[in-house]
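Before any comments, here is the structure.
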Amino acid sequence: MPPVKHALLSASSASRWLVCTAAPRFEEGLPERTSSYAEEGRLAHSIAELKVQKKSTVMTNRTYNARLKKLQKDPIYDPEMDKTTDTYLDYITELVMGYDCVPTVAVEVQVNFSDYVPEGFGTCDCCIIGGDTLNIVDYKHGKGVPVSAENNAQMRLYALGALAYYFPIVGDTIRTICMSIVQPRLNSITSETIAVEELKAWGDSIKPLAAKAFSGFGEFVPGDHCRFCRGKAQCRARANTCTALEDFKDCVPLGRSPTLVAEYERTGVKPDNTLTDEEIGDLLIRGKLLAKWYADLEEYATTALLAGKPIPGWKLVEGRSNRTFSDMDAAIQAILTAGYDEAMVYDRKPKTLSQLEKLMGKKDFEAAVGGFIIKPPGKPTLAEASDKRETYSPAAADYSGVVPDV
Ligand code: SF4
């Protein structure tokens, strides 16, 4: 199992504390939260670790099966975990085969990167070392947020720690580091390859930020990284950004439209009360943070009230609920007894595509029904102009699925 102990400046939170240097000390006093997703991730990691151990060490089938069975007995175990961890194992096997001589493979390697980050330590899921190359592989079970290995501070810190860990054995023979993130539930494997010198230079470059974050005199810098911060609901800096009403007050009617401002300055006449499209675009961007922050406040207040802590002006009430049978089997039997035919009472429906893929595993599923899969265009969704996805085309959507006559 991955260790429960966390460093103040953990590798996994580096993308946050490298920007908001105040975050680590601010979060320090706040309770840790766990979620069902985190628990699932922990179990999947243990299965992945076991599989790599079986492949890379001398482990009898009996020991392996006993340990696997034990993990599979966990109430949160899902057969999908076997398939996702197979993908991870396949990738590691591929990397091992890429070495000229059989490399050393180690799992759950405790690494220390305190040469760069005060008291920095962490755990690499898998290290493969041989010749002049060190591979670091991280398994991510989540599918909510895609994580790339490119410029990934967490992976780079692990790599620095792994270099230090193996130095007494291999000295400075390592020249190249390859860092990979395997995120099977998103069908994603990404890598970054970097020269050792470049990696160390990056480590040196972050030292001042790490020292500041550790000192307790860091700066609060709100942004997208707040979403994983333990203090996201209680942080005043984030609240100040989101409640910067001064920033909003001029939106109506002058706003930030340079055209309107210039017009007002030229004529002294205020434009009409209708927001321009330019202003709406601007407000949507600024309101995004506000919407996320408000949802975080709601979640915080709900948790507090559930725990019996009052939040002035608020209470919990029962939400909307749907009627249901207290005993489904007995209710259906009563309907059949009342003279209704089974064909009228039951719908015979196949499982969804995702459920079937989960059942069969990606490879078998692709082999069996890959040719039947189509992907209709999604509903038009508002996104910022900088979004990497292609712009929605109503014409293309209208014609999708239409096969031209030949
Ligand atoms: S909520 Fe954001 S700004 Fe506040 S401490 Fe956390 S990361 Fe920093």
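Given points 7 Å out from each Cα along the Cα-Cβ axis, report the Lys288 to Arg227 separation in nanometres with one decimal.
1.0
So for Met344, Met360, fewest C-beta neighbours within 10 Å to most, what's the order?
Met344, Met360
Between Arg42 and Tyr300, what is the FRET efficiency for a Förster distance of 22 Å, r being their Cβ-Cβ separation, to the nearest 0.05?
On the way: r = 24 Å, r/R0 = 1.11.
My answer for the efficiency is 0.35.
For each of His141, His6, count neighbouring Cβ atoms within 10 Å of the residue's Cβ, then give the residues from fewest to most.
Details: His141 23, His6 13.
By the 10 Å Cβ count, ascending: His6, His141.
Return the distance in nm (one decimal) between the two label points of a simple spin-label model at Gln355 and Lys309, each offset 7 Å from Cα along Cα→Cβ.
3.9
How high is the relative contact order of the chain, given as a whole-number percent (alpha carbon pairs under 8 Å, six or more residues apart)?
Numbers: 450 pairs, mean separation 63.0, N = 406.
Answer for the chain is 16 percent.
Are there any helices in the chain, counted as whole DSSP H runs, that stretch 15 Å or more along their axis by Cα and score at least 1.6 on average by Kyte-Doolittle, and if so which?
Values: long enough: 36-56 (30 Å, -0.75); 61-72 (16 Å, -1.66); 80-97 (26 Å, -0.37); 153-170 (25 Å, 1.01); 196-215 (28 Å, -0.02); 277-306 (42 Å, 0.01).
Result, helices passing both filters: zero.
Listed highest first by mean packing, meaning other Cβ atoms within 10 Å per residue, what order do 201-213, 364-376 come in?
On the way: 201-213: 16.2, 364-376: 10.4.
Those peptides, ordered most packed to least, come out 201-213, 364-376.
Rounded to the nearest 20 debye, what is the charge dipole size of segment 144-241 about its Cα centre when +1 sits on each Lys and Arg Cβ and -1 on each Asp and Glu Cβ?
Numbers: 11 positive and 8 negative charges, 116 e Å.
Computed about the Cα centre, the dipole is about 560 debye.
Stretch Gln110-Lys73 to full length: gain in nm at 0.36 nm per residue minus the Cα-Cα span? Intermediate values should be presented prior to the final figure.
Values: separation 37, 0.36 × 37 = 13.32 nm, distance 2.71 nm.
Result: 10.6 nm gained on full extension.
Taking the convex hull of the Cα atoms, report for the chain its projected area averaged over all directions, in nm². If you can, show how the numbers build up before the last one.
On the way: hull surface 134.7 nm².
Mean projected area of the Cα convex hull: 33.7 nm².
Report the charge-dipole magnitude of the chain in Debye, nearest 20, computed about the Cα centre from +1 at each Lys and Arg Cβ and -1 at each Asp and Glu Cβ.
On the way: 48 positive and 55 negative charges, 234 e Å.
Magnitude of the dipole: close to 1120 debye.
Suppose each label sits 7 Å from its Cα in the direction of the beta carbon; what would the Thr176-Lys388 distance come out to in nanometres?
It is 2.3 nm.
Just going by the charge dipole of the chain, with Lys and Arg at +1 and Asp and Glu at -1 on Cβ, which of Leu316, Val221, Phe167 is farthest out on the positive end?
Leu316
Diagonalise the Cα gyration tensor of segment 1-86 and give the resulting equivalent ellipsoid semi-axes, square root of 5 times each eigenvalue, largest first, whole Å. Could the numbers behind the result be given before it?
Working: eigenvalues 213, 43, 24 Å².
Whole-Å semi-axes of the equivalent ellipsoid: 33, 15, 11.
Can you pull out the trypsin sites (Lys or Arg not before Pro) in segment 325-388 that DSSP calls coil and that have at most 13 other Cβ atoms within 10 Å? Mind showing how you got there, number by number?
On the way: sites: Arg348, Lys351, Lys358, Lys362, Lys363, Lys388; in loops: Arg348, Lys351, Lys388.
Counting only loop positions with at most 13 other Cβ atoms within 10 Å, the trypsin sites (Lys or Arg not before Pro) in segment 325-388 are Arg348, Lys351, Lys388.
Taking the Cα centroid of segment 7-49 and of segment 169-194, what is the distance between the two, rounded to the nearest whole Å?
Result: 21 Å between the Cα centres.
Using a cut-off of 23 Å between alpha-carbon atoms, which lysines can reach Lys69, once sequence neighbours fewer than 8 places away in the same chain are excluded?
Within the straight-line cut-off, Lys69 pairs with Lys51, Lys54, Lys55, Lys83, Lys140, Lys358, Lys362.
Laboratory data are not the source of any read-out in this text; all were calculated from the coordinates shown. Because the structure is predicted, anything quoted here is derived from the model rather than measured. Methodologically, a virtual Cβ is constructed for each residue, glycine included, from the backbone with ideal geometry; neighbour enumeration extends over all protein chains shown.
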